[in-house]
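Here the structure comes first, spelled out in structure tokens, and everything after it is commentary.
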Amino acid sequence: MLEECGVPYVLRPVNIGRGEQFTADYLKISPNGRIPAIADPDGPGGKEISVFESGAVLQYLGRKTGKFYPADERGRVAVDEWLFWQVSGLGPMAGQANHFRQFAPETIPYAIERYTNEVGRLYNVMNRRLAGRDYLAGPYSIADIACYGWIMSHQQQGQNLAAFVHLKAWFDRVGARPGVQRGLAVGRELRSASPSDLRSSQDSRRVLLNQKPR
């Protein structure tokens with residue numbers, strides 16, 4: 001979104017395998033201890049504001065820049081529907097499918113089948129929506145930006161993208177955007193840990209997968 005909007009920013013990497021998301025300074029920005037989050041020094045009234053949760057970040061940047069988030073109510077409702085669909089459905093279900101297929105310490109067939117099938121159902125919802133449309137909610141928007149990152153890892157979720165013709169065309173269309181390509185290049189060298197690396201690191205597994213109330 002930042003690259004698409006041409007907004008200057010400074011990248012602050014957070015190593016979630018080392019628990020940096022739970023430092024006191026980061027929790028002030030993101031109380032849930034998750035990424036991404038932003039701190040805008042030029043917030044409302046000229047005062048700094050921090051925003052956590054990806055959907056809220058996208059909405060904030062859309063309002064601030066006037067890009068990829070319609071100003072008219074009807075258009076904004078359409079975008080919000082698909083943004084919230086991603087936040088409440090696609091993201092959590094894809095995350096669970098990825099977890100049980102890639103990270104779980106034991107193979108649980110029921111969980112793998114349950115979440116793999118649900119992700120397939122959600123892919124089909126997108127596929128039907130994109131029949132005869134270039135994007136999810138009219139013009140390219142934050143709804144497309146929110147969904148694209150999850151579809152990128154379709155293989156880890158057990159999905160064959162070629163089986164969803166309209167979704168595949170959308171995926172290729174969004175991925176060809178220069179702003180998307182620039183965004184994907186940011187921090188690429190930092191994203192080197194593979195699922196097998198994380199499985200073999202007990203410290204990382206404890207930090208990522210075994211958080212308890214404290």
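Among 2-12, 154-164, sorting by the average number of other beta carbon atoms lying within 10 angstrom of each residue, highest first, gives 154-164, 2-12. Averaging the sequence gap over all C-alpha pairs within less than 8 Å and six or more residues apart, then dividing by the number of residues, gives the chain a relative contact order of 23 percent.
Here the calculated FRET efficiency for Gln155 and Arg133, from their Cβ-Cβ distance with R0 = 25 Å, stands at 0.50, rounded to the nearest 0.05.
Note on the chain: the alpha carbon radius of gyration divided by the globular reference 2.2 N^0.38 Å gives 1.06.
Restricting the GluC sites (Glu not before Pro) of segment 78-125 to loop positions (DSSP other than H, G, I, E, B) with no more than 16 neighbouring Cβ atoms within 10 Å leaves Glu106.
Dividing the convex hull volume of the alpha-carbon atoms in segment 1-54 by its residue count gives 92 Å³ per residue. From largest to smallest, the equivalent ellipsoid semi-axes obtained for segment 73-183 from the alpha-carbon gyration tensor read 25, 15, 13 Å. Build a GNM of the chain with springs between Cα atoms under 10 Å apart, and of Pro41, Pro139, Pro31 the one that fluctuates most is Pro41. Mean separation of Cα pairs under 8 Å and 6 or more residues apart, divided by the residue count, gives segment 2-67 a relative contact order of 22 percent.
Every number here is computed from the coordinates shown, using simple stated rules; none is lab data. Values in this document were obtained by computation on a predicted structure and should not be read as measured data. So basically every Cβ, Gly included, is an ideal-geometry build from the backbone, and we count neighbours across all protein chains shown.
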